Amino acid sequence: MVSAAFANRAHKKLVLFDVDETLTLARQSASAEMLDVLRALREKVAIGFVSGSDKKKIEEQLSVHGNDAIQFFDYAFFENGLVAYKLGQPLESDSFILYVGEERYKKLVTFILHYIADLDIPIKRGTFMEFRNGMVNVSPIGRNATLQEREDFNKYDNEHGIRAAFVKELREKFSDYGLTFSIGGKISFDVFPNGWDKRYALRRVEDEQFEEIHFFGDKTDPGGNDHEIFADPRTIGHTVEGPAHTIRLLKEQFLS
Ligand code: M1P
């Protein structure tokens, strides 16, 4: 039985979405059409998003066209659900630094910054590491890169495997840390404790006992940051090739 909070929905189902390349183009805003479709969907089922990104970035992308992302969705899961809201109210958070410990974290940061300093890539910008509540995000080019610089780096990375080599080295060097190194976006990778991938969000909806939980994402292949939640037996997974594809599938499967 779902709680009274969702009693007005036609179906006791939850539909969860990745954000970049699923609800929006990478790091861009949701379209008015996407928000209209989600609004119609929310009349039938509960809806939520699960992103690796932090609150600030997601709000730039989803709090658009006069909406507030946290109010617009039943569940808002930032940083894989480590920072979470249900029906506009915050849920308890967990902490990356408490898990890793200051001393071990310092060794990790020192290694990462040395590694980036020695990297020979076409351009470097700023903010090579971003410390978040539930994870650390690492970018060889730096998070200050412009949209064009992001695209250029992503192309270069696909050809030269910069991030793949980096995470391989980290996995070997820090094998005793219990950490996952996950290449989710275009210019960076996320570092978080094992198990704190997007499945973390699922434990936060367990109390509602939804009859079905659907998940839509683009990086659903092994190694992608949507893979674990997509392949989890608790979800029905859907792979999409971008926001236009998501809209098409939602119209076919839920709104026709
Ligand atoms: O798509 C999710 C990823 O989005 C950003 O990645 P990038 O800047 O590399 O495209 C980051 O916020 C990352 O943490 C997140 O997983």
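The values are calculated or read from the model by the stated rules, or taken from the named source; none is laboratory data. Note that the structure is a prediction, hence the values are computed from the model and not measured. Glycine also receives a Cβ, built like all others from the backbone with ideal geometry; neighbour counts cover every protein chain displayed. For accessibility, only protein heavy atoms count, side chains too; no ligands or nucleic acids. Shrake-Rupley method; radii C 1.70, N 1.55, O 1.52, S 1.80 Å.
Figures for the structure shown
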{"quantity": "Failed criterion for SER31 (all others in (1) without any contact (Cβ under 8 Å) to a residue 40 or more places away in the chain; (2) closer than 15 Å to ASP68 by Cα; (3) open to solvent by 10 Å² or more (accessible area, probe 1.4 Å) hold)", "calculated": "(1)"}
{"quantity": "Single match in SER188, SER182 (criterion: in contact (Cβ under 8 Å) with a residue 24 or more places away in the chain, within 12 Å of the ligand (Cβ to nearest atom) and under 18 Å from LEU16 (Cβ atoms))", "calculated": "SER182"}
{"quantity": "Positions within segment 66-84 being in contact with an Asp or Glu (Cβ under 9 Å, 6 or more places away or on another chain) and open to solvent by 40 Å² or more (accessible area, probe 1.4 Å), in sequence order", "calculated": "ASP68"}
{"quantity": "All positions within segment 10-26 that are surrounded by 17 or more Cβ atoms within 10 Å (Cβ to Cβ) and either within 16 Å of the ligand (Cβ to nearest atom) or more than 26 Å from the chain's Cα centre (by Cα) (or both)", "calculated": "LEU16, PHE17, ASP18, VAL19, ASP20, GLU21, THR22, LEU23, THR24, ALA26"}
{"quantity": "Residue in segment 127-151 that is farthest from the ligand (Cβ to nearest atom), counting only those that are loosely packed, with under 15 Cβ neighbours inside 10 Å and either closer than 19 Å to TYR105 by Cβ or free of Cβ contacts under 8 Å to residues at least 24 places away in the same chain (or both)", "calculated": "GLN148"}
{"quantity": "Sole residue being within 16 Å of the ligand (Cβ to nearest atom), out of contact with any strand residue (DSSP E or B) (no Cβ under 7 Å at 6 or more places or on another chain) and open to solvent by 60 Å² or more (accessible area, probe 1.4 Å), chosen from LYS124, LYS107", "calculated": "LYS124"}
{"quantity": "Within segment 93-104, tally of residues that are open to solvent by 70 Å² or more (accessible area, probe 1.4 Å) and closer than 25 Å to PHE77 by Cβ", "calculated": "2"}
{"quantity": "Number of the exception - GLU241 against (1) among the acidic types (Asp, Glu); (2) under 23 Å from PHE153 (Cβ atoms); (3) crowded, with 22+ Cβ neighbours inside 10 Å", "calculated": "(3)"}
{"quantity": "All helices (runs of 4 or more DSSP H) inside segment 179-256 with 1 or more residues being among the acidic types (Asp, Glu)", "calculated": "227-231, 243-253"}
{"quantity": "Residues satisfying the stated conditions in segment 1-42, i.e. part of a loop (DSSP other than H, G, I, E, B) and more than 21 Å from ASP207 (Cα to Cα)", "calculated": "ASP18, VAL19, GLU21, THR22, LEU23, LEU25, ALA26, ARG27, GLN28, SER29, ALA30, SER31"}
